[in-house]
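The next block holds one structure in the form of structure tokens; read it before the comments.
The values are calculated or read from the model by the stated rules, or taken from the named source; none is laboratory data. The shown structure was predicted, so the numbers you read here are calculated from the model rather than taken from an experiment. Quick reminder, even Gly has a Cβ in these numbers, built from the backbone with ideal geometry, and neighbours come from all protein chains shown.
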Amino acid sequence: MRRLWRIVKYSLGLLGLFVVAQAALRLFRRLYPFPVPAGMTRLLDSPVREWASPRATTLEHLGLQPGMQVLEVGPGSGALTAELARRVGPEGRVSSVDAEPRIVALVSGRVKAEGVENVEVRVASGWDLPYADGTFDLALLVTALGKIPDKGRLMRELRRVLKKDGRLSVTEAFADPDYLLMAEVVNWANMAGFELVEQHGNAILYTLNFRSLFGP
């Protein structure tokens, strides 16, 4: 019985340490948001991450249609990029951007290996996108918004490159250290000129789809 009690106390202690470490990490990331280093992006493909944030669920909620022009900001490991391109079909196109050249190289290699051709991957800041006004039907941020320091500036730039009535899709997963509450995302989007039109999921994993209220 004593041994069992020691095991229980040890397990609770480990759990407590994990909770404290997670809280400290999330607080630090809140105070000092920055993109995930390129060397850590492979962690995004782990089975645990897939369990916490299934790619199939996210793709289902984006509202993708054949022929769409799609902008992906912050592709991470590129886990979604090739499938996005397949779903918009040969008449559509996916432009995937990241400010980190090593991430762009990683995603480019992954897309090439999967044999997808209707994808452009390039180095670009979300604050200064190299695209004309009204270029895209859909812009998406999948567990990426929390990593951007100036979220308002990013949102305004996304509205600029979206077509009139274009859509913005934001996905957040609680397992991500940079997780944002739904209310926070809605607030940032509203201030930039978007209105919420669809909500999928719950606080653990959700996707919010917005419509641009103004033209570019």
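Annotations
- Residue check for LEU84: part of a helix (DSSP H, G or I) and within 17 Å of LEU168 (Cα to Cα): yes
- When residues of segment 156-209 are limited to those that are in a strand (DSSP E or B) and among the basic types (Lys, Arg), the one surrounded by the most Cβ atoms within 10 Å (Cβ to Cβ): ARG167
- The residues in segment 87-117 that are part of a loop (DSSP other than H, G, I, E, B) and either surrounded by fewer than 17 Cβ atoms within 10 Å (Cβ to Cβ) or within 16 Å of the chain's Cα centre (by Cα) (or both) can be counted, and the count is 9.
- Yes/no for PRO149 being in the same structural domain as PRO90 (by TED's automatic domain parsing), assigned to a loop (DSSP other than H, G, I, E, B) and out of contact with any Pro (no Cβ under 7 Å at 6 or more places or on another chain): no
- With respect to the conditions (1) at pLDDT 95 or above; (2) out of contact with any Gly (no Cβ under 8 Å at 6 or more places or on another chain), PHE136 lacks only one, and its number is (2).
- Screening GLY115 against (1) without any contact (Cβ under 8 Å) to a residue 24 or more places away in the chain; (2) farther than 22 Å from LEU64 by Cβ leaves a single unmet condition, (2).
- Subset of segment 181-205 [of a type outside the set (Val, Ile, Thr), out of contact with any helix residue (DSSP H, G or I) (no Cβ under 6 Å at 6 or more places or on another chain) and farther than 19 Å from GLY152 by Cα]: GLU198, GLN199, GLY201, ASN202, ALA203, LEU205
- Of all residues making up segment 118-135, the number that are among the aliphatic types (A, V, I, L, M) and exposed (fewer than 14 other Cβ atoms within 10 Å of the Cβ): 1
- Residue in segment 128-137 that is under 24 Å from PRO54 (Cα atoms) and of a type in the set (A, V, I, L, M, F, W, C) present: no
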